[in-house]
1. If I model the chain as equal point scatterers sitting on the Cα atoms and use the Debye formula, what is log10 I(q)/I(0) at q = 0.18 Å⁻¹?
2. Within the chain, what is the longest stretch that has no trypsin sites (Lys or Arg not before Pro) placed in a DSSP loop and near at most 13 other beta-carbon atoms within 10 Å?
3. Treating only the Cβ atoms of Lys and Arg (+1) and Asp and Glu (-1) as charged, compute the dipole magnitude of the stretch 5-199 about its Cα centre; round to the nearest 20 debye.
4. Less than 29 Å apart at the alpha-carbon level, and either on another chain or at least 8 residues along: which lysines does that give for residue 52?
5. Which of 67, 180, 146 ends up with the largest GNM mean-square fluctuation for the chain, with Cα atoms connected below 10 Å?
6. Among 138, 156, 41, which one shows the biggest mean-square fluctuation in a GNM of the chain, springs joining Cα atoms closer than 10 Å?
7. Taking K and R as +1 and D and E as -1, what net charge do the other residues with C-beta under 9 Å from the C-beta of residue 202 add up to?
8. Nothing charged except the Cβ atoms of Lys and Arg (+1) and of Asp and Glu (-1): what's the magnitude of the dipole of the stretch 119-203 about its Cα centre? Round to the nearest 20 debye.
Amino acid sequence: MKKQLVLSVYTAEAPFVFEKKVKPFMLERSIAELDTKYRHIIPYVAILCRNKIAVYKRSGNEKRLVDLYSVGFGGHIDEEDVVYKNGYAYNSKILEEEFGYREEISLETTVISCMRRELMEEVGLDSTKYPAERLSNIIFNSSAVDSVHLGIPFVIRIPNFEEVSTSNEVKRILWRTRQDVEKLKLESWSVDVLRQLKERNIF
């Protein structure tokens with residue numbers, strides 16, 4: 001069976017992603033989920049419409065987040081998302097001593113590629129029609145989940161609620177005002193995104 005690879009960085013380099021030259025690489029997910037020496041990168045997108053934000057309740061594969069509410073849509077960056085600086089997409093040259101790839105990956109283009117794919121898969125949103133504003137990276141250590149992930153949060157504004165729909169991954173979408181969403185039991189990344197949106201006078 002082919003091993004799943006996810007885009008990752010060394011934990012020591014995580015605070016400098018997008019600020020300094022950090023070279024991401026593909027890492028076996030089985031390692032990335034447990035080894036705190038690495039952080040795998042997750043685009044995490046908040047969707048706003050008028051004065052409300054899209055919210056859903058966690059279920060599915062990530063058992064450590066089940067039953068928490070989230071304002072972030074997104075997921076792991078897989079091989080199909082990766083774009084290299086030479087303009088080519090994924091290739092199969094593996095450097096096993098790194099558990100992944102060390103070619104020059106175009107990080108920003110790759111993150112956007114994954115973000116677009118995940119939004120289409122999870123909520124049927126063609127996000128190419130709307131600008132995505134990047135927020136500050138999320139780097140937490142408060143839980144086993146947080147300690148192996150690096151969140152790259154974005155916010156997208158859409159004009160109509162009907163632009164998004166449910167899927168096998170997101171079975172129900174709630175639209176909530178800020179006052180209402182703060183009453184929910186939210187995962188830590190969502191709390192941070194709401195804080196950032198408030199500080200920037202976005203939501």
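What follows draws every value from the coordinates through simple rules; no lab data is involved. Fair warning: this is a prediction, and the values are worked out from it, not measured in the lab. Don't worry about glycine lacking a Cβ; one is built from the backbone with ideal geometry, like all the others, and counts go over all protein chains shown.
1. With one equal scatterer per Cα and no solvent, log10 I(q)/I(0) is -1.33.
2. Working: sites that count: 2, 3, 21, 37, 50, 85, 93, 171, 172, 183, 185, 200.
Of all site-free stretches, the longest is 94-170.
3. Details: 28 positive and 31 negative charges, 167 e Å.
Around 800 debye, computed over the stretch 5-199.
4. Partners within reach: 63, 129, 171, 183, 185, 198.
5. 180
6. Among 138, 156, 41, the largest mean-square fluctuation in the Gaussian network model of the chain belongs to 156.
7. Numbers: positive: 157, 198, 200; negative: 133, 199.
Taking every Cβ under 9 Å from that of residue 202, the sum is +1.
8. Working: 12 positive and 13 negative charges, 66 e Å.
Rounded to the nearest 20 debye, it is 320 debye.
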